[in-house]
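Participant: Sharing a structure, written as structure tokens. Questions coming.
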Amino acid sequence: MSKKVLLLHGWGGSNYPHWQSWLASELAKDYGCVNFLRFSNVDEPKLELWMREAKAALDDFRPDIVICHSLANTLWFHLCNQNKELREIEKLYLVAPPSMYCDIKELSEFFPLTAPQKLFAKETLLITSTNDPYMTQTETKELQKELNVPLKVIQNGGHLNADSGYGAWPWMLKELKSLH
């Protein structure tokens with residue numbers, strides 16, 4: 001695998017057995033080039049700090065592919081809205097984004113926000129679930145329309161995290177391998 005993959009986690013991190021830690025391990029097994037960034041204060045995220053850390057990883061690692069989960073999608077949207085100089089990546093995966101109007105107190109500085117006009121990616125795939133507790137199907141359809149990107153909807157996948165059965169996620173590994 002010659003593409004560089006940057007994994008960005010959400011609130012609380014994506015420690016094993018989360019699919020992002022599984023995916024990082026699987027990619028590394030085949031000598032893939034992967035950066036599984038761990039943000040500071042994973043349980044008490046700070047928008048400006050996470051933005052600086054993500055921007056540093058983007059500038060230093062220069063990924064071809066970025067895979068966001070949960071709050072990392074919101075972070076990506078803030079980066080797109082505030083940075084006109086982001087380097088365009090080849091592929092962006094937006095997995096299980098929360099509502100653009102999320103009202104969780106600990107995450108208040110991330111919300112509300114508007115969908116970016118530009119995602120700084122040649123291709124983007126929005127991946128959601130029919131029963132994600134953090135985003136309704138109506139909100140998913142609105143976000144897809146605003147972003148104008150393809151949508152993959154997983155039936156009863158919850159928040160697409162370890163708690164909803166997404167430890168190993170063979171589909172995502174196969175998807176990444178198909179890009180090479």
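Participant: Within the group E123, E142, which residue is acidic (D, E), surrounded by 14 or more Cβ atoms within 10 Å (Cβ to Cβ) and over 17 Å from the mean Cα position of the chain (by Cα)? Don't jump to the end; show me each part of the working.
Facilitator: Numbers: E123 fails: over 17 Å from the mean Cα position of the chain (by Cα).
When all the criteria are applied, what remains is E142.
Participant: Looking at the stretch 26-42, which of the residues that are surrounded by fewer than 15 Cβ atoms within 10 Å (Cβ to Cβ) and over 13 Å from L173 (Cα atoms) is farthest from the chain's Cα centre (by Cα)?
Facilitator: Filtering the stretch 26-42 down to residues surrounded by fewer than 15 Cβ atoms within 10 Å (Cβ to Cβ) leaves 28-31, 38, 40-41.
Still in the list and also over 13 Å from L173 (Cα atoms): 31, 38, 40-41.
Values: Y31: 22, R38: 13, S40: 16, N41: 17 Å.
It comes out as Y31.
Participant: Among the numbered conditions (1) within 26 Å of K145 (Cβ to Cβ); (2) assigned to a helix (DSSP H, G or I), tell me where W22 comes up short.
Facilitator: Here W22 meets the rest and fails (1).
Participant: Here is a further query. Here is a check on your reading of the model: is S70 hydroxyl-bearing (S, T, Y), in contact with a Gly (Cβ under 7 Å, 6 or more places away or on another chain) and at pLDDT 95 or above? Break it down into steps so the answer makes sense when it comes.
Facilitator: Working: hydroxyl-bearing (S, T, Y): yes; in contact with a Gly (Cβ under 7 Å, 6 or more places away or on another chain): yes; at pLDDT 95 or above: yes.
Yes.
Participant: Sticking with this one: So which helices (runs of 4 or more DSSP H) are wholly in the stretch 63-180 and hold at least 1 residues that are free of Cβ contacts under 8 Å to residues at least 12 places away in the same chain?
Facilitator: Numbers: elements: 71-82, 137-147, 170-177.
Because the criterion is at least 1 residues that are free of Cβ contacts under 8 Å to residues at least 12 places away in the same chain, the helices (runs of 4 or more DSSP H) in the stretch 63-180 that meet it are 137-147, 170-177.
Okay, residues lined up against (1) in contact with a Leu (Cβ under 8 Å, 6 or more places away or on another chain); (2) within 28 Å of D163 (Cβ to Cβ); (3) touching a residue at least 60 places away in the same chain (Cβ under 8 Å):
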position: G13; (1), (2), (3): no, yes, no
position: F39; (1), (2), (3): yes, yes, no
position: E44; (1), (2), (3): no, yes, yes
position: W50; (1), (2), (3): yes, yes, no
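Participant: Assess whether L86 counts as being buried (at least 17 other Cβ atoms within 10 Å of the Cβ), modelled with pLDDT under 95 and not basic (K, R). Outline the logic, then answer.
Facilitator: Numbers: buried (at least 17 other Cβ atoms within 10 Å of the Cβ): yes; modelled with pLDDT under 95: yes; not basic (K, R): yes.
When the stated conditions are applied, L86 passes them.
Participant: Residue under question is L7, and the condition is that it be in a strand (DSSP E or B), surrounded by 18 or more Cβ atoms within 10 Å (Cβ to Cβ) and of a type outside the set (F, W, Y); does it hold? Even if it seems obvious, please write down each step before you answer.
Facilitator: On the way: in a strand (DSSP E or B): yes; surrounded by 18 or more Cβ atoms within 10 Å (Cβ to Cβ): yes; of a type outside the set (F, W, Y): yes.
Yes: the conditions hold for L7.
The values are calculated or read from the model by the stated rules, or taken from the named source; none is laboratory data. Please read all numbers here as calculations on a predicted model, not as lab measurements. Glycine also receives a Cβ, built like all others from the backbone with ideal geometry; neighbour counts cover every protein chain displayed.
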